Amino acid sequence: MGLLPGKRDDERIGNQWVKEKQIPRHILNRRADRKLDYVADLYGMAMGERLKRRTSELHNKTLYCEGFHYLKHLNIGYTYENRFWSFAYNLYHKTVIDSMPGLPETNYCRFIVKNIGKLGITDAVWLDGGSQCSEEELDEYLKLLNNKLIIDRIVSLDMTHVEVVYQPAKKSWAISNRTLVGSTTWILIPPVMHLIKLKPEECVKMLEFFELVADAVVNRKVIS
């Protein structure tokens, strides 16, 4: 009937893997995309005059900005999950921050967040996710990332899949996460598409999260 949304994941065709096939423009995907446009509008308002331009693709929006200490762009999008009697469009955020010339990292680094709590996220802690830096550098990074200001934003925004990765070849840090707020769910019975709306202050907190994390890993600055 042309209602089922396509999945933005690796797809196996024969003996080959095809990365992120184009998302079909089914009616549900287009409806979800309008919800994502609304989320992008909220982030644009939170950025204010610092927002310079915005690009838009199906389930993928990028906001380019100036005036932040580190943030140059914010990419938001939906990943698709097929559930029983429903389809979940999970909101992700990601950006890439260039490393500072004065502190050139030479090894691959990866840090991930472990969420704590059974019925909801009540606390979080940063852990090593397979870094190749020295023990001394590892301890320094984790100490900075586990700052209360960063943890508070992870908990208050119910972030999952929080990750920071340094790629030596690109000399840049990739920061990403997913959140429940801003996500969209299409329910079969009754047929309705529901957006978990972001509040303006939540958008501000998310922007602060990226700035704080960048300050910790790029500048290795103690946050007070």
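Here 78, 64, 108, 70 are screened, and the one residue that is under 17 Å from residue 183 (Cα atoms), surrounded by 13 or more Cβ atoms within 10 Å (Cβ to Cβ) and of a type in the set (Phe, Trp, Tyr) is 78.
A quick yes/no check of all residues on (1) part of a strand (DSSP E or B); (2) closer than 18 Å to residue 60 by Cβ:
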site	(1), (2)
162	yes, no
165	yes, no
170	no, no
173	yes, no
176	yes, yes
180	yes, no
183	yes, yes
190	no, no
198	no, yes
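Among the residues of the stretch 152-160, is any farther than 15 Å from residue 203 by Cβ, more than 19 Å from the chain's Cα centre (by Cα) and not small (Gly, Ala, Ser)?
no
Among the residues of the stretch 113-124, those identified as in contact (Cβ under 8 Å) with a residue 12 or more places away in the chain and open to solvent by 50 Å² or more (accessible area, probe 1.4 Å) are 114, 115, 122, 123. Residue count for the stretch 118-146, restricted to those that are under 30 Å from residue 60 (Cβ atoms) and outside any strand (DSSP E or B): 7. Within the stretch 128-143, work out how many residues are open to solvent by 70 Å² or more (accessible area, probe 1.4 Å) and of a type in the set (A, V, I, L, M, F, W, C). Total meeting the criteria: 0.
Residues in the stretch 184-203 that are closer than 20 Å to residue 73 by Cα and open to solvent by less than 60 Å² (accessible area, probe 1.4 Å): 198, 202, 203.
Within the group 63, 74, which residue is of a type outside the set (Lys, Arg), without any contact (Cβ under 8 Å) to a residue 40 or more places away in the chain, touching a helix residue (DSSP H, G or I) at 6+ places or on another chain (Cβ under 8 Å) and part of a strand (DSSP E or B)? Let's see the steps before the verdict.
Values: 74 fails: without any contact (Cβ under 8 Å) to a residue 40 or more places away in the chain.
After applying the criteria, what remains is 63.
Checking the stretch 145-153 against the condition returns no match, with no residue being open to solvent by 50 Å² or more (accessible area, probe 1.4 Å), in contact with a Gly (Cβ under 9 Å, 6 or more places away or on another chain) and free of Cβ contacts under 8 Å to residues at least 60 places away in the same chain.
The values are calculated or read from the model by the stated rules, or taken from the named source; none is laboratory data. Treat the numbers as computed from the prediction; the structure is a model and nothing was measured. Cβ atoms come from the backbone with ideal geometry, glycine included; neighbour counts cover every protein chain shown. Heads up: the accessible areas ignore ligands, DNA and RNA and are worked out on the full protein's heavy atoms, side chains in. Shrake-Rupley method; radii C 1.70, N 1.55, O 1.52, S 1.80 Å.
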